[in-house]
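Please read the structure below before turning to the comments.
The values are calculated or read from the model by the stated rules, or taken from the named source; none is laboratory data. Only a predicted model underlies this, so the values are computations on that prediction, with no experimental measurement involved. Note: ideal-geometry Cβ built from the backbone for every residue, glycine included; neighbour counts use all protein chains shown.
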Amino acid sequence: MSLWSAKDKTLRIEYGIKTHVGGRSENQDNWNAVIDEQNGRYCFVVADGLGGHKGGQIASQIAVNTVTEGFAGINGDNVSTQLTNAMLAAHNAIKQRSSVDDRLRNMQSTCVVAVILGEKVFWAYVGDSRIYIYRRGRCLYQSKDHSVVQLLLDMGEITAEAAKEHPDRNRVLKTLGMPDELRPAVHADGLTLQEGDYILLCTDGFWQYLDQRDMQDLSVLHANSPAQKIIEIMVRDIVNMAQQTKEKYDNLTAQLIMVR
């Protein structure tokens, strides 16, 4: 938990993080939070690795480390360029490591990052790790996946309900480390935060079981609970739900940032 102060107001930024191996033998998700409360600067990152045994875990760790290292140079002057450069640095770092180790060939990672500077939040993402922003229980923003299923949804070929069970639901079209040129999605206009806002960063293993009503209930039932407790409850409930389906479910990681 930490505080930042602006000249005319003080908001409390609180966050919680929970990761779970799910039904897999290895957790290939990674995350980090960098807190610079004195200057009112925060960086939150979640990544989901792809690439088989060890490769995915290493790719997501490189993604998280590189993006958080890039945060040191991010300020309010040109956030779009700075977030893009941080993502591209992670993209190139994964490709370089993959090229020198045959065991890690073709390893890749999704990534989502939220940066708070003063009273504004900015974000960027690649792949199907998501960011949600909620205000008064209503979803203000949900990122659009770089995936086959999202493309089919946009074309009107399938419904949102059908997307949950689509055989291509795990096929992503953009990743850090992919062979092609990368253009991350960057939202650098900045959203001014308000007391009571929630920001959720999560991998697909988490959001595939997330219902919008969960977040509406969250704002009512757990408004005064610590962010860490809330995210632990959500992950516990999702694991229980996934286990009941008796399907092999994925790693799941979620980071909840709350503005008090």
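List of remarks:
- Where Gln82 falls short, out of the listed (1) part of a helix (DSSP H, G or I); (2) modelled with pLDDT of 95 or more; (3) over 30 Å from Arg260 (Cα atoms): (3)
- Filtering the stretch 182-212 to residues that are touching a Phe, Trp or Tyr at 6+ places or on another chain (Cβ under 7 Å) and among the aliphatic types (A, V, I, L, M) leaves Ala185, Ala188, Leu200, Leu201.
- Pairing each residue of the stretch 72-92 that is in contact (Cβ under 8 Å) with a residue 24 or more places away in the chain with any residue that is of a type in the set (Gly, Ala, Ser), provided the two are 6+ apart or on different chains, yields C-beta distances under 6 Å for Val79/Ala188; Ser80/Ala188; Leu83/Ala124; Ala86/Gly70; Met87/Ala124; Ala90/Ala63.
- Residue in the stretch 178-209 that is surrounded by the most Cβ atoms within 10 Å (Cβ to Cβ), counting only those that are among the acidic types (Asp, Glu) and closer than 22 Å to Phe122 by Cβ: Asp197
- Glu181 being part of a loop (DSSP other than H, G, I, E, B), free of Cβ contacts under 8 Å to residues at least 12 places away in the same chain and either more than 23 Å from Arg24 (Cα to Cα) or more than 14 Å from the chain's Cα centre (by Cα) (or both): yes
- All told, Ser219 meets the bar of being at pLDDT below 95, over 19 Å from Ala47 (Cβ atoms), assigned to a helix (DSSP H, G or I) and among the hydroxyl-bearing types (Ser, Thr, Tyr).
- Residues located in the stretch 34-77, provided they are among the basic types (Lys, Arg), over 25 Å from Leu117 (Cβ atoms) and buried (at least 16 other Cβ atoms within 10 Å of the Cβ): none
- Residues of the stretch 240-260 that are assigned to a helix (DSSP H, G or I) and either buried (at least 18 other Cβ atoms within 10 Å of the Cβ) or in contact with a Cys (Cβ under 7 Å, 6 or more places away or on another chain) (or both): Ala242 alone.
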